[in-house]
Each structure stands twice: as structure tokens, then as C-alpha cells.
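The values are calculated or read from the model by the stated rules, or taken from the named source; none is laboratory data. This one's a predicted model, so the numbers in the text were calculated from it and none came from an experiment. Using ideal geometry, Cβ is built from the backbone for each residue, glycine included, and neighbour counts are taken over all protein chains shown. Accessible surface is based on the protein model in full, side chains and every heavy atom, while ligands, DNA and RNA are left aside. Shrake-Rupley method; radii C 1.70, N 1.55, O 1.52, S 1.80 Å.
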Amino acid sequence: MTERVVAITGIGTLTPAGRGTEALWATISSGRACLTAIDPQNYFDPSPYACQIAGQVPSFDEPRVLTASMMAQTDRCSQMALVAALDALDEARLPMDFRSERSPVAPERVSLAVATVAAGWTYVEREMRNLWTKGVGAMDRYALTAGFPAGPQGHVGILFGVEGRTRTFVSERASGAHALIEGAKAIQRGDAEIVIAGGTEAPLTPLVWAAYHASNMLQPTSEGADQHTGMFIGEGSTFLILEEREHAIRRDVPILAEIRGWSRGTDAYPLGASRKQPSQKLVQIIHASLAQAHIHPAAVDVIFPAGPALPAEDVAEEAALKCVFDGEYPRVAIPKAILGHLQGAAVATDVAIAVLALGRQVIPPTQDSLLPTDLMSTNECTASFLKHALVLSCGLGGMHASLVISRPE
Amino acid sequence: MRRVVITGMGVVSPLGNTIDAFWRGLISGRSGIKSLKDITHCDLFERLGDEFASQVIAEVEQFEEAQQLPEHIRRRDRYVQFAVEVALQAVRDAHLDVSSSAIRDHWGIAFTTAVGAAQTTEDTYCLATQNGSEAVDPAKVSPEFYLDWLCNSPAVLLAQLFDLHGPCDALSSACASGVDVIGYAFESIRDGDATIMLALSSEAPLAPTRFGGCDVIHCLATGFNDEPQRASRPFDKNRSGFVMGEGAGAFLLEEREHAIKRGAHIYAEITGFGLTSNATHMVSLKPAVAPHLTRAIKQAMDEAKIKPQDIHYINPHASSTNQNDQTETSAIKGALGEYAYEVPVSATKSEIGHSLATASFFGAMAAVLSLTEGMLHPTINYEEPDPLCDLDCVPNQARPFTGTNSLVLASGFSGTHATLVLQKVAG
């Protein structure tokens, strides 16, 4: 039996850069950050908070999925996920209902893996306010299912007829990697032919912003962007269509890239403590993911680091990268400096940009002033052929993951 | 193929906070259900409690173990404390050498919760907004609130407590995820991602917004508000919904050869797992979804390489809602055929209510203990048969059991079904 290879055949993305891969690429290659003052009309008045800027998704609409009824029963995180997943299905030339006759695959052979951190908190806060100011009778019948973490999983899976495995990962900023690894493993093991995998995040709601604010994880707006004292956060959703390579070839759809290697592991440290030592586990998992992809560190053309996130994490990540790449590290792309850290949606978005970079043979630039460390500086553009991207992620408490994204043969 | 066994267990439940108390309570047919008015851990119901149609809950009583937890854990939400307590119990029970770096390098965590920190998030919201009347004042939010709000903080805190280096994953796929997380950990070991996995579920949803979210869609029990101990009655004709509960469970899962080599006590082997989606409705479990649960049962049976006649006990989801119990009965018949009538099917929720993700974890624990203790706990409050729920539900009395394979079922909001086959250890 030949090995089952994980191909990417579709990308749907809705981020502060706008909707679709063209908009994403245009913004990322402009190198200009799209972090702006939080709009009080759309979200909340940011003035009581130290950090008052965030990556915000421009208004969007999609009548095929966002019907009046769907809008009424879902949080923004599900709405963005529905649009991103639909666009990914469109690009992969898949129907929007796997139960339909024109589906090339049985619905039970399709799986779904969703990453989110905040899930439907905008909805939950509204329901809390209704409950506490007007009583139980004012609560909405979707209060639980719109707000809880499994909301987007249910809304996407039900609408598109996903009858295989569906799971939601809530492992903070590592959740996106966990969802993609889940999808890749499902394809590799033969549990599914197609997996809709990605993440969605709508963290711009007062109590959630207060949680980030109080924990001092966000960079105060009064400090310059070059100081890097904390995270900038954005909202958005990106979903990928993962497909068994032979299945994609039989369907005659373009293979955009492949996920060739993955690994995850933990270097736990006390929360709140700063850590500047290189994480040995991160070094190990990078090597493990490269070994699975059958490449040496020197073959990596571009790295998408987990940062910029929390400054101490970034320092530890840089030290680990220096261990792996032994002085000759590849170029680095940092979409998070442009979009903000999209939390549960960050890894899928980084992978989407990696796929676009490999397809276009261009590494997107990042303004030096937005880069937190020396390592992150972009080098002179080299002429070498771009073949492999390494996408890293780290969740609070030292959860590391590494993904190898490669151009198809 | 790497095989996976259970070598440690831990529990915090409405029937007690040791495996022994949990099992004795279940076997004796005791109800852990009480009136919402008697809730002890959450004062948020004082103002709003009377407004809910359902007035019954299953609360963890006297969680005195909390006093022994590390100080930084005692400051966290109840669901975090439950999780850490059951994890410590399971690791102790497995007699694992936690000082060994060889063990810690290949040891991971798979955690689940359906809603996370219900009480602390609502307390904080009320404090920061003057009970919803004003905008959130961030100055009133504690610096550590982020750790309560996150749905994976128990996993992170445990990874740090044990200094382990394997995967540290957290799933939140609604109420089926108690079984799903066991399956996920099982596959992590089988696939070589880890040698040991701590699989755990924790839930403490008893706060007004989460309780109300279920109350307003009429899925909570309302029929026996004045007799709480009769309120949770799976398969009985007069069932009216589930009783929201709380608690946590943990299994220490281990690659079989590793467990044998270190001479660990083995409770049971996990031999099959199934996971499907019905893609039908966020909350409804109408009879049309039965084939999707049937499919999940067949997946687990196929993986375990067993036939219907090899299944000797089923621990069902049996939430005591009208729809679930009917649909589940028909799904079991779909997978087992006529043989379904010969298999005992007892509902753990009849005694301890429905603690969302943890509920099906409790079901898996009851199934393991049935294999090791040679008894089946009863479905209590079974008084009037429902012709649409006509399987042997072990009504009201525990009975001796000598079977080899147990099947555990779970269904959840968002349309998921998860199943597990547990096998008795020979000898």
C-alpha cells in the first residue's frame, strides 16, 4: 500500500486583510500592518483598556451561508468560519453539501477540525446581559450552542454535511496546529479523504478583551510598535481543504501544497514566568517534523515563527531556532506583525500564506520596525527555488507544534 | 499494532470523590440529584434561581480534596480544581514514577470540557458590569482571570505540575467529548505520539447563563422539581429532560507493553473507538439521526474485531430526554440487531445527572468498573416502561456481571456521536 499524502486543495480566508487569498496576499506583500483602533460601533469602546488596537475583519456578507436564520443563531466566530470554509470548498471544487448527488466523496469520508480560543463569547456576553438585566425569559434559545466552543464545529459541519469525525481544539494559541495535525493524521491514517481544517476567532468583545488586558498579554497602545512588550490580536478565520493526494489527482483539481511533516510536544513552564532558554522540546519537534518530511534543516526556505506573541516566548523561540539552524537560518515571514495574532485562526492563516508564498515563489516582506528580534530580520531576497516552509506555533504554558508545508512535486 | 490499557483512574462526582465511593454509590442505586435551592458552591442563583423551569441539579458535595491542592490551583475555577484532583488521583493510582524523565518525555495530556469555567466567568462578568447594568470595567477583572476563562488551563497547569513533554491537547466538542477524549488519547498512544496519556474531562457548568442556556431550550428535567431524586429517569416513560450535573474523571492510559514491563495494575484494555457526526441539528436527536450513532458503534466494534454477541454490557448516553433515549434505543438495535434485547444497558445519568462532557467519561468509568468488579449498576427511577425504549435497562437493582466487553456510547450537541469498546483483562 502506498503512503497516503496530505494535499491542500483549497483555502478560504477572512482576516483583517479582507476575504480571499488575493486580498490576503496583497496585504501581506504590502508589508503594512492593518492594526487599527477598535471600532466602538462594531465592537466596544476601547478607551478603558491599555491596548486599543486590533486587527478587524472588514464587513462581509455571503447569502449562500449567512441566511437571516443562520445569522440569528450564530456568533461572529461561526459566521466567519462558514464564509472561510465555503470559500475553501469552492476553490477545491467541492459542493457546499457533501450529501448532495454531485459530491465526489461520501459525507462520512469527510471530517472537520476547528480551532478556537474565545469561541462565541460575543454571544455569551450578550446573553449574560439579557439574563442579568431582564431575566431568564429574555435569554435566547441559541445562547448555549452559539456561545460554546463546539458552536462553529456544529454550524459548519451541519450546513456542509460533514458526517465523518468532527472535533474542536481549544489549546489556546497551539489549537490551530492541533486542528491541522488532526486533519493531516485523519488523511494519513485513512479515516477520511477530505478534511476541512482551520480555525476561527472573534475575540473583540469586552470581557475577553478585559481578560487579555488584565493578564498584561497585550501591548499598550501608548508604547511604540517597535518596543514589543506584548501581543497584538486580530480576529478572523481561515480554513483549508486537506485531501488525500491520489483523491485530488483523480478529481483533477490543482494541488496547492502538501503537509509533509508535523510534530507537537510540551516544554511546560510556570505560567507568568519569563523563559529565555531555548526550548529543547521545540528543537526536538522541529527535527521530528523535518524528519517526517524527509528533509534536512538546510532545505527549509522560509520559517513562519510562532511569534511575535509574548516577548519571553519569542526570545525562547529564537534561541531554539538558532539551535536547529546553526547560524544559517532561513528567511522568516511574520504575518502576525501585519494581521495581529489571530489566536485559534493564526496557524491556518500562516499555512495559507506559506502555500501562497510557495505557489508564487515570493517571500512576503515585513517592515523591520515591526520585527521583534534580530533573527526575524528579512535577508536579501535570494534566488533559490522555494520548496519548503516551516510553520511553528506555541500556546501558553509551552505547547509547541511544527508543520512542514511543501510545494507539490 | 500498539495496544492501549487503563492503569489509573480518578473521579470527582456527585456520588463521591473516590473511585470507591463513586462505585458504591452507583451500585447501591443512590441518586446524587438535589434541588437547585440547595446548591452550595455558587451564590449566583440566589437572585435568578426561581426563574428557571428546571429546579434540579447534581452537585459535587463537600469537595474537601480542594484543600490539598497546590495553592495556585486553589485560586482557579472549580472546573480546574476538579481536573487537577482527578489527575492526581489517576497518577497515584497508576503508581507511575513521576520523577523518571524517560516517562515524562513520552507522557501527554488530552483534556476536555464542554463549557469551561462557568462560575468564574459569570462572577467576573457580574462584578465587572454591576450585574450587566454597565459596560465592562477592565480594572475589576483579575490578572489571572485569563487562566479561568481558557478552556485548556487544566491541561497546561497539569503539564507544568508533572513537567511532562508529550502532547498537551484540549478538545471541546460538546457532550460527546468525554468519550471522544478517551478515544483521542487512545489513538495518540496507538499512533506513537506518546507512551502514556492522561485523558481527562472536567465540567462545572452550574452557573445561571449555562444552566439557563439549556433551560430555555427545554432540555432540562422539569417533571419532578419537588422530588429531585426522581428527576433523572432515563428510559422511563415520564422522563422530561436531563439534570445538569458536574464533576470530573481521569484515566491514565498506557501502551500495553510499557504497563506490563513496569508491573502496573491494568483495569481494562481499550480495543475500539468510533466517532461520527449526524450533520443534522445542533441540539435535536430526532430518530432520523439513529443511523449515525449505529455507524459509530460499528466503527468501534470493527476496530475491536468483535461481533454483536461479544458485547456484554452497554453504558448508554441515556440523558433522560425524550428524544435521546428513543433514538439511542433504535441505534443500538441498528448495530446489534435482535441481540440488542439480550444486552444489559444501564444509565449512569439516572444517578448522577448529566455533567456535559464529563457525563460520558463517568459512563466509561462505570463500564470499566463493571468489568473489574463483576457488577452492573442499575438504571434508577425506572417505573413506567416506554414501548420505544424496550431494552434491558437493569431497572432499579444492581446485578452480577461476568462479561468481557463493554460498549460506551455518547451523543452531544453539534451532532456528534462517540463510542468506545473496553475489554476485560484476561486472568
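Report, in whole Å, the centroid distance computed from the Cα atoms of region A:62-88 and region A:158-179.
Cα centroid of region A:62-88 versus Cα centroid of region A:158-179: 16 Å apart.
Under 20 Å from the Cα of A:Lys322, which lysines turn up, not counting those fewer than eight places away in the same chain?
A:Lys276, A:Lys281
What aspartates and glutamates could a cross-link reach from A:Lys134, if we take a straight Cα to Cα line under 20 Å and drop same-chain neighbours fewer than 8 places away?
A:Glu125, B:Asp43, B:Glu46, B:Asp50, B:Glu51, B:Glu122, B:Asp123, B:Glu134, B:Asp215
Could you work out [θ]222 nm for the protein assembly as shown from helices alone, using -39500 (n - 2.57) per DSSP H run of at least four and dividing by all its residues? Round to the nearest 500 deg cm²/dmol. Working shown, then result.
On the way: 28 runs with 284 residues, N = 836.
Calculated from helices alone, the mean residue ellipticity at 222 nm is -10000 deg cm²/dmol.
Where the centroid of each part is defined by its Cα atoms, how far is region A:212-256 from region B:353-399 in Å?
Value for the Cα centre distance between the two parts: 44 Å.
Evaluate the relative contact order of region A:218-326 (contact order divided by residue number), counting alpha-carbon pairs under 8 angstrom at least 6 apart; express in whole percent.
Values: 101 pairs, mean separation 30.7, N = 109.
Relative contact order, region A:218-326: 28 percent.
Quick one: among B:Pro228, B:Pro387, B:Pro154, which has the greatest mean-square fluctuation in a GNM of chain B with alpha-carbon springs under 10 angstrom?
For chain B, modelled as a Gaussian network with Cα springs under 10 Å, the answer is B:Pro387.
Which of the three applies to region B:272-424, rounded, prolate or oblate, going by the alpha-carbon gyration tensor with a ≥ b ≥ c and a/c under 1.5 meaning rounded?
Details: a/c = 1.41, a/b = 1.15, b/c = 1.23.
The shape class here is rounded.
Provide A:Phe60, B:Phe22 ordered by accessible surface of protein heavy atoms (probe 1.4 Å), highest first.
On the way: A:Phe60 45, B:Phe22 0 Å².
Solvent-accessible surface, decreasing: A:Phe60, B:Phe22.
Sticking with the crude label model, points 7 Å out along Cα→Cβ, report the distance from B:His218 to B:Arg262 in nm, one decimal please.
Output for this residue pair reads 5.2 nm.
Not counting ligands, DNA or RNA, and with a 1.4 Å probe, what is A:Met128's accessible surface area in Å² rounded to the nearest 10?
In the full protein context, A:Met128 sits at about 0 Å².
Which of the three applies to chain A, rounded, prolate or oblate, going by the alpha-carbon gyration tensor with a ≥ b ≥ c and a/c under 1.5 meaning rounded?
Working: a/c = 1.66, a/b = 1.07, b/c = 1.55.
Cα axes put chain A in the oblate bin.
Rounded if a/c is under 1.5, else prolate if a/b beats b/c, else oblate: with a ≥ b ≥ c from the C-alpha gyration tensor eigenvalues square-rooted, which is region B:4-261? Each step should come with its number before you reach the end.
On the way: a/c = 2.11, a/b = 1.39, b/c = 1.52.
Note, shape of region B:4-261 comes out oblate.
For Cα pairs less than 8 Å apart in space and 6+ apart in sequence, what is the mean separation divided by the residue count of chain A, i.e. the relative contact order in percent?
Numbers: 986 pairs, mean separation 94.4, N = 409.
Contact order relative to length: 23 percent.
Hey, in the GNM for chain B with a 10 angstrom Cα cutoff, which one of B:Leu161, B:Leu206, B:Leu147 fluctuates hardest?
B:Leu161
Of A:Gln79, A:Gln292, A:Gln188, which is the most mobile in a GNM of chain A whose springs link Cα atoms less than 10 angstrom apart?
Per the Cα network of chain A with a 10 Å cutoff, A:Gln292 tops the list.
What are the lysines whose alpha-carbon lies under 17 Å from the alpha-carbon of B:Lys261, with same-chain residues fewer than 8 places away excluded?
Straight-distance partners of B:Lys261: none at all.
Any of B:Lys298/B:Lys333; B:Lys237/B:Lys333; A:Lys185/A:Lys336; B:Lys34/B:Lys333; A:Lys185/B:Lys286; B:Lys237/B:Lys349 with alpha carbons more than 22 Å apart? Name them for me.
Working: B:Lys298/B:Lys333 12 Å; B:Lys237/B:Lys333 19 Å; A:Lys185/A:Lys336 26 Å; B:Lys34/B:Lys333 33 Å; A:Lys185/B:Lys286 32 Å; B:Lys237/B:Lys349 16 Å.
Flagged as over cut-off: A:Lys185/A:Lys336; B:Lys34/B:Lys333; A:Lys185/B:Lys286.
Quick one: dipole size for the protein assembly as shown, taken about the Cα centre, charges +1 on Lys/Arg Cβ and -1 on Asp/Glu Cβ, in debye to the nearest 20.
Here the size comes out at about 1120 debye.
So which GluC sites (Glu not before Pro) in region A:204-250 are both in a DSSP loop and have at most 13 other Cβ atoms within 10 Å of their Cβ?
Details: sites: A:Glu223, A:Glu235, A:Glu243, A:Glu244, A:Glu246; in loops: A:Glu223, A:Glu235.
Of the GluC sites (Glu not before Pro), the ones in loops of region A:204-250 whose Cβ has at most 13 other Cβ atoms within 10 Å are A:Glu223.
Less than 15 Å from a label point 7 Å out along the Cα-to-Cβ axis of B:Asp390: which backbone N atoms in region B:325-356 qualify, by residue?
Residues B:326-327, B:329-334, B:337-343 qualify, since their backbone N sits under 15 Å from the label point.
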